[in-house]
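Here the structure comes first, spelled out in structure tokens, and everything after it is commentary.
None of the figures in this text is laboratory data; all of them are computed from the coordinates on show. Owing to the predicted nature of the structure, the values given are computational and were not obtained by experimental measurement. Cβ sites come from the backbone with ideal geometry, for glycine too, and all protein chains shown count toward neighbours.
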Amino acid sequence: MSHRIAILAGDGIGKEVMPEGVRALEAAAKRFGIELELEPFDFASCDYYLEHGQMLPDDWHATLSQFDAIFYGAIGWPDKVPDHISLWGSLLKFRREFDQYVNLRPCRLLPGIKSPLADREPGDIDFYVVRENTEGEYSSVGGTMFEGTDREVVIQETVMTRHGVDRVLKYAFDLAATRPRKKLTSATKSNGIAITMPWWDKRVAAMGQHYPDVNVDQFHIDILTANFVLHPDWFDVVVASNLFGDILSDLGPACTGTIGVAPSANINPEGTFPSLFEPVHGSAPDIAGKHIANPIGQIWSGAMMLEHLGYKEAADAIVAAFEAVLAEGDTRVLTPDLRGSGSTQALGQAIAERIAAG
Ligand code: NAI
Ligand code: MG
């Protein structure tokens, strides 16, 4: 069976790290006998916008629906196109209209990378943040009245549905059940947000009934953020609403060092629509064109994509390859953010060779 992958490199360093992400994918596909059809597109970039006046062609939904997954670089070039236009005109459309209701981010301290947290070593930080990606606090229910007067009032409602919450909880419990520690932590705030959050807690407890092997605990979001910093070793799978997950999914990877290595996935678990895999970082205009961007975030996102498509062994081989290259610590190969003098291409090449060698 062949898998069709849409390649959207985007802007800035997206165009530099994407070829290395593809190189790693191709090396893994060759070694594990996976058939991938990779098809690049020039839309979802600011250059496309300048030419066409929109980020995406009118038929983008039909075009991309035919693919098994979307491999995405980074978008944005604020000097040419305002960020709200580039992001809302592309990435956020994909997340919503392809119902990618799980935002998944691994937080894992890698060999050779110094955590900003003191005395932490690889193995101490190894967990996932599962963020609800479609509803919750980021709703369009609300409005403004009496604007510009003393009576001005602004309301934005949190919307949580049983459908929306249960499906992301199920995803998180399923993930926890596959992990050695089988532990799930729920981010709550039922002491302060006294309607939706106690209800969220009840849905967590109800879902937990189906997973007797998974250990469940919960923290209020305030102390949870503190514990990410103080006790990152406590966590295995952390599930959170849209807003809490947004915060945790930046804090978690930040605890593991450079932003250049962090990957993410926007998943439609049922496969009704393609899922999207992208590095956490943006287009980095400050270093674009210098060929010094770290390609590991892109490469790791590719590994998550292979795992999503059912190739866990190939995904693990990619992760093992960049871990080995990082552990070796050859400064001629590592990029400057890793205190090396290597290029995007040199690091990508070293990882691809390691994947091929097995
Ligand atoms: P950014 O992630 O692009 O850059 C932040 C800092 O991290 C910069 O100093 C950059 O040089 C560094 N950095 C980022 N990726 C790196 C890598 N792979 N290797 C080494 N260093 C790296 O975030 P910023 O500057 O806030 O945003 C720039 C543009 O990217 C904006 O247009 C923004 O909207 C967009 N953006 C897009 C995202 C996406 O496509 N999902 C996510 C975040 C930002
Ligand atoms: Mg964020």
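A few remarks follow.
- Gained length - residue 194 relative to residue 177, 0.36 nm times residue gap less alpha-carbon distance: 3.2 nm
- Here is what passes the span test in the chain: the DSSP H helices with alpha carbon length of 15 Å or more along the helix axis and a Kyte-Doolittle mean of -0.5 or above are 14-32, 162-178, 196-208, 242-254, 296-308, 312-328, 344-357.
- Calculated FRET efficiency for the pair residue 30/residue 201, C-beta based, R₀ 51 Å, to 0.05: 0.60
- With the convex hull constructed from alpha-carbon coordinates only, the chain shows a mean projected area of 19.5 nm² over all directions.
- Note on the chain: helix-only mean residue ellipticity at 222 nm, from DSSP H runs of 4+ residues weighted -39500 (n - 2.57) and normalised by residue number, equals -12500 deg cm²/dmol.
- Net charge contributed by nearby residues that have their C-beta within less than 14 Å of residue 134 (K/R +1, D/E -1): -2
- Ordering 72, 128 by the number of other Cβ atoms within 10 Å of each residue's own Cβ, fewest first, gives 128, 72.
- Inverse mean reciprocal Cα-Cα distance (Kirkwood Rh) of segment 126-254, Å: 15.5
- Student exercise, segment 126-254 dipole from Lys, Arg, Asp, Glu Cβ charges, in Debye to nearest 20: 540
- Debye, to nearest 20: dipole size of the chain, +1 on Lys, Arg Cβ, -1 on Asp, Glu Cβ: 740
- Neighbours of residue 215 by Cβ distance under 14 Å: Lys/Arg scored +1, Asp/Glu scored -1, total +1.
- Amide H within-cut-off set for residue 55, under 5 Å, with H built and near neighbours excluded: none
- Estimated FRET transfer efficiency when R0 is 25 angstrom, pair residue 42-residue 84 (beta carbons, to 0.05): 0.70
- Dipole axis of the chain (+1 Lys, Arg; -1 Asp, Glu on Cβ), positive-most option in 57, 43, 238: 238
- Counted by Cβ distance under 15 Å from residue 113, the other residues give a net charge of -4, where Lys and Arg count +1 and Asp and Glu count -1.
- Simple label model, 7 Å out from Cα along Cβ direction - residue 290 to residue 320, nm: 3.5
- Sorted peptide list for 350-358, 253-261, 9-17, criterion being average Cβ within 10 angstrom, highest first: 9-17, 253-261, 350-358
- The residue among 155, 289, 349 whose Cα reaches farthest toward the positive pole of the charge dipole of the chain, with charges on the beta-carbon of Lys, Arg, Asp and Glu, is 349.
- Our note on the geometry: Cα centres of segment 64-137 and segment 192-212, 25 Å apart.
- Summarising the label geometry, the points placed 7 Å from Cα in the beta-carbon direction at residue 272 and residue 251 lie 3.2 nm from one another.
- Sites residue 209 and residue 163 - FRET efficiency at Förster radius 25 Å, r taken between beta-carbons, to 0.05: 0.85
- Checking the Cα-Cα distances for 30/182; 290/312; 170/312; 182/312 against a 22 Å cut-off, the pairs over it are 30/182; 290/312.
- Inter-site label distance for residue 341 and residue 356 at 7 Å from Cα along Cβ, in nm: 2.6
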